1. Where the second residue is small (Gly, Ala, Ser) and the first is closer than 13 Å to residue 57 by Cα and lies in region 67-95, which pairs have Cβ atoms under 7 Å and are six or more apart or on separate chains?
2. Quick one: residue 39 ticks every box in (1) at pLDDT 95 or above; (2) among the charged types (D, E, K, R); (3) open to solvent by 80 Å² or more (accessible area, probe 1.4 Å); (4) farther than 16 Å from residue 11 by Cα bar one, so which box is it?
3. Within region 80-132, track down each residue that is open to solvent by 60 Å² or more (accessible area, probe 1.4 Å), small (Gly, Ala, Ser) and touching a helix residue (DSSP H, G or I) at 6+ places or on another chain (Cβ under 8 Å).
4. Which one of the conditions (1) within 20 Å of residue 50 (Cβ to Cβ); (2) surrounded by 10 or more Cβ atoms within 10 Å (Cβ to Cβ) does residue 75 fail to meet, given that it meets all the rest?
5. Before we move on, is residue 64 under 29 Å from residue 101 (Cβ atoms), loosely packed, with under 15 Cβ neighbours inside 10 Å and small (Gly, Ala, Ser)?
6. Return only the number of the condition from (1) open to solvent by 100 Å² or more (accessible area, probe 1.4 Å); (2) over 34 Å from the mean Cα position of the chain (by Cα) that residue 137 does not satisfy.
7. Assuming residue 6 fulfils every condition listed in (1) among the aliphatic types (A, V, I, L, M); (2) surrounded by fewer than 16 Cβ atoms within 10 Å (Cβ to Cβ); (3) at pLDDT 95 or above; (4) under 29 Å from residue 103 (Cβ atoms) apart from one, which condition is it?
Amino acid sequence: MTDEQLSLFPAEPDELCRQIGLNWLSLVELWEQGLLSFEPRHGQELSPSQEAEVLFLGNLVCAGCDLRMLGLLLKSLGKPYAYNAKDIYYDWASRQWKPLPEVPEPEVVADKYLDGLIENEDIESLKEIAERVSSALKNLESRE
């Protein structure tokens with residue numbers, strides 16, 4: 001489900017449709033087909049969950065998914081489809097939505113890389129890195 005910060009003003013389905021380029025009748029059809037959990041009405045104020053649902057489903061439709069494709073894509077997801085597309089991706093091989101992996105902080109990646117070089121006793125690579133770091137520090141300090 002979406003966990004984005006709440007908007008100051010509740011969104012309306014009309015405006016969301018305009019923002020993403022979704023035809024209003026397509027949104028109504030999503031409801032009629034049982035994909036959208038609520039009946040959209042012009043001017044209605046949406047809850048954050050309803051807003052997420054419109055954005056998630058609407059963007060799939062705008063990307064070219066017809067009802068048949070939506071049925072296949074949504075098979076592994078639970079209703080309501082109030083998902084944030086920034087948090088999940090569709091794995092075509094397994095035909096399932098999966099959470100995006102967390103990207104570790106650069107320092108964690110660098111530490112793991114250095115640990116591997118140390119473990120492998122790769123002195124040459126460590127020397128090259130030390131030289132690059134030293135050069136970078138000198139360049140940055142000269143700017144101050």
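1. 79/37; 80/37; 80/49; 82/49; 82/52; 83/52; 84/52
2. (4)
3. The answer is 85, and nothing else.
4. With (1) within 20 Å of residue 50 (Cβ to Cβ); (2) surrounded by 10 or more Cβ atoms within 10 Å (Cβ to Cβ) applied to residue 75, the lone miss is (1).
5. Details: under 29 Å from residue 101 (Cβ atoms): yes; loosely packed, with under 15 Cβ neighbours inside 10 Å: yes; small (Gly, Ala, Ser): yes.
Against the criterion (under 29 Å from residue 101 (Cβ atoms), loosely packed, with under 15 Cβ neighbours inside 10 Å and small (Gly, Ala, Ser)), residue 64 qualifies.
6. (1)
7. The one condition residue 6 does not meet is (3).
Per-residue answers, yes or no, for (1) assigned to a loop (DSSP other than H, G, I, E, B); (2) within 23 Å of the chain's Cα centre (by Cα):
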| position | (1), (2) |
| --- | --- |
| 54 | no, yes |
| 60 | no, yes |
| 69 | no, yes |
| 86 | yes, yes |
| 103 | yes, yes |
| 113 | no, no |
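The values are calculated or read from the model by the stated rules, or taken from the named source; none is laboratory data. What you are looking at is a predicted structure, and each value in this text was computed from that prediction instead of being measured. Neighbour counts are summed over all protein chains in view; Cβ atoms, including those assigned to glycine, are modelled from backbone coordinates with ideal geometry. For the accessible areas, the whole protein counts, side chains as well, though only heavy atoms, and no ligand, DNA or RNA atoms are used. Shrake-Rupley method; radii C 1.70, N 1.55, O 1.52, S 1.80 Å.
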